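Report on the following structure.
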Amino acid sequence: MSCAQIKLPEKIAPVFDFDDGCMYRGAFGGRGSAKTRSFAKMAAIYGYTMAQQNKPGLIVCGREYMNSLDESSFAEVRDAILSEPWLENVYDIGTKYIRTKCGKIDFAFIGLRRHLDGIKSKSNIRLLWVDEAEPVPEDAWQKVIPTVRENGAEIWVTWNPERKSSATHKRFRENPPPNSKFVEVNWRDNPWFSDTLEATRLDDYEKRPENYQHIWEGGFMTVGSGAYYARGLTEAKDEGRIGRVSFDPLMRVRIYCDLGGTGARADAFAAWCAQFVGKEIRVKDYYEAVGQPLAEHIQWLHKKGYDPSKADIYLPHDGATNDRIYDVSFESSFRDAGYDVTVIPNQGKGAARMRIEAVRRVMPSIWFDEASTEAGRDALGWYHEKLSNDSREIGLGPEHDWSSHGADAFGLMAVAYEQPMAGLKTEGVNYNRQHGENSWMR
């Protein structure tokens, strides 16, 4: 009995243990990971196995959008078969069809968006493989999954992540079904990653940092263009500065806030919790809430262990302004709760740009706790320039949207780090005035 050696990326190979009883298999990640070619090859092998076991039926290859065969997985399956001489002897490949020469297994290529009802009428589906599955909506999954009814039949899913809110992410990654195997793979997991792809990757890393994580590292999409901190966040991840952060128990925690308000139409209240340790800014927590009274924010601080004996509050200049509903200021309310509060003066005209540039300068010194600052890093990654609605695309300053509150609080922290003489408290800082300028040493 002869055996065929199948070459797959090492990280993908364990997904295809067909004796494990799994119904769901899949892979997600960035470009150049070889996941689509690997699953196409294994689909052909799966079809061969079904034919050998005298289990006739269909292997259905679906994508969300498919207006023609050229937009399907047809070419991937065909090329995968042709890359293995022994598989080429198994299959009959035409211009519009792929089937085993024994006639027991046929490949069908469909678009879920327009032909979902068509797949419901198909019988004997032995395998459903949905490639480029990110945009498949939940109602489509609810209809297509029950069409796989044969005992031992399987469902495979491959996709490039874009949104945490996508149905594919929630169904197969965030809360995967029982009897499933899913793996994340990216370009570095592909042993056949070509020099051409490497040149393209490096060019994206250098010139398009706002999209790099999504395209190559399997990250979620942030913003198409104009993201202020995309490069800094990419470098932080590459340099291992996004991981587990611990605070020095002998140092006080700094809470930098951007103020929202109370009521349904209020902006978000955002806060970053950090320590300045030597030349490092260690960021351990991020908090955001919309429309809640200040008591809710204080309750969160206490829950996290940031009570007045351990933490100080830093507010923007409007911290002394009274809330429209409760007629008290954030400054006075935090003081009444026992906190030491510093209100950072208004930086005047161009304050937003000053915060952006300050963040860019200090970003190489920042360490993020991966789990507890994720929402804040999402805001930083999205924070971007607003462009004019004409062909000139003139920059109009930061876009005021959901991301701006977290970004403003982060910018406040960066300004405070760079300007400790401006009435701000620091630990272990010696001040000297040289040549009319402020300087400091840690």
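The values are calculated or read from the model by the stated rules, or taken from the named source; none is laboratory data. Fair warning: this is a prediction, and the values are worked out from it, not measured in the lab. All Cβ positions, even for glycine, are placed from backbone atoms using ideal geometry, and neighbour counts span all protein chains on display. Heavy atoms of the whole protein, side chains included, go into the accessibility calculation; ligands, DNA and RNA do not. Shrake-Rupley method; radii C 1.70, N 1.55, O 1.52, S 1.80 Å.
What do you reckon, is ASN151 touching a Cys at 6+ places or on another chain (Cβ under 6 Å), under 30 Å from LEU112 (Cα atoms) and among the polar types (S, T, N, Q)?
So ASN151 fails the test.
Look at region 227-256 and say how many of its residues are small (Gly, Ala, Ser), under 14 Å from LEU380 (Cα atoms) and open to solvent by 40 Å² or more (accessible area, probe 1.4 Å).
0
Considering only residues that are open to solvent by 60 Å² or more (accessible area, probe 1.4 Å) and small (Gly, Ala, Ser), look in region 111-136 and name the one that is modelled with the highest pLDDT.
If we take residues in region 111-136 being open to solvent by 60 Å² or more (accessible area, probe 1.4 Å) and small (Gly, Ala, Ser), then SER123 is modelled with the highest pLDDT.
For region 175-187, what are the residues that are part of a strand (DSSP E or B) and among the β-branched types (Val, Ile, Thr)?
Residue satisfying the conditions is VAL183 alone.
From ILE145, ILE98, grab the single residue that is modelled with pLDDT under 95 and hydrophobic (A, V, I, L, M, F, W, C).
So the residue among ILE145, ILE98 that is modelled with pLDDT under 95 and hydrophobic (A, V, I, L, M, F, W, C) is ILE145.
What pairs come out if I take residues in region 287-311 that are more than 19 Å from ASP267 (Cα to Cα) and pair them with residues that are surrounded by fewer than 19 Cβ atoms within 10 Å (Cβ to Cβ) whose C-beta lies under 6 Å away, six or more apart or interchain?
These pairs meet every condition: PRO308/GLY338.
Among the residues of region 167-221, which ones are under 22 Å from LEU380 (Cα atoms), of a type outside the set (A, V, I, L, M, F, W, C) and out of contact with any strand residue (DSSP E or B) (no Cβ under 9 Å at 6 or more places or on another chain)?
Within region 167-221, ASP204, TYR205, GLU206, LYS207, ARG208, TYR212, GLN213, HIS214, GLU217, GLY219 meet the criteria.
Among the residues of region 43-89, write down those that are more than 16 Å from ILE110 (Cα to Cα) and in contact with a Cys (Cβ under 6 Å, 6 or more places away or on another chain).
Answer for region 43-89, where residues must be more than 16 Å from ILE110 (Cα to Cα) and in contact with a Cys (Cβ under 6 Å, 6 or more places away or on another chain): just ALA51.
Of the residues that sit in region 137-174 and are in a helix (DSSP H, G or I) and in contact with a helix residue (DSSP H, G or I) (Cβ under 7 Å, 6 or more places away or on another chain), which one is surrounded by the fewest Cβ atoms within 10 Å (Cβ to Cβ)?
Across region 137-174, the extreme among qualifying residues is GLU138.
Where in region 1-110 are there strands (runs of 3 or more DSSP E), lying fully within it, with 3 or more residues that are open to solvent by less than 10 Å² (accessible area, probe 1.4 Å) and not basic (Lys, Arg)?
57-63
Hey, does region 224-239 have a residue that's assigned to a strand (DSSP E or B) and of a type in the set (Lys, Arg)?
No: zero hits.
Please go through region 205-223 and pick out each residue that is closer than 17 Å to GLY29 by Cβ and part of a helix (DSSP H, G or I).
Within region 205-223, TYR205, ASN211, TYR212, GLN213, HIS214, ILE215, TRP216, GLU217 qualify.
Would you mind listing the strands (runs of 3 or more DSSP E) fully within region 361-411 where at least 3 residues are among the polar types (S, T, N, Q) and at pLDDT 95 or above?
Fully inside region 361-411 and qualifying: nothing.
Looking only at region 257-277, filter to residues that are touching a Lys or Arg at 6+ places or on another chain (Cβ under 9 Å) and at pLDDT below 90; which one of those is surrounded by the fewest Cβ atoms within 10 Å (Cβ to Cβ)?
GLY263
What single numbered condition from (1) β-branched (Val, Ile, Thr); (2) assigned to a loop (DSSP other than H, G, I, E, B); (3) modelled with pLDDT of 50 or more fails to hold for VAL415?
Status for VAL415: all satisfied but (2).
Within region 188-204, does at least one residue satisfy the condition of being touching a Ser or Thr at 6+ places or on another chain (Cβ under 8 Å), at pLDDT 90 or above, assigned to a loop (DSSP other than H, G, I, E, B) and more than 30 Å from ASP340 (Cα to Cα)?
Yes, that holds for at least one residue.
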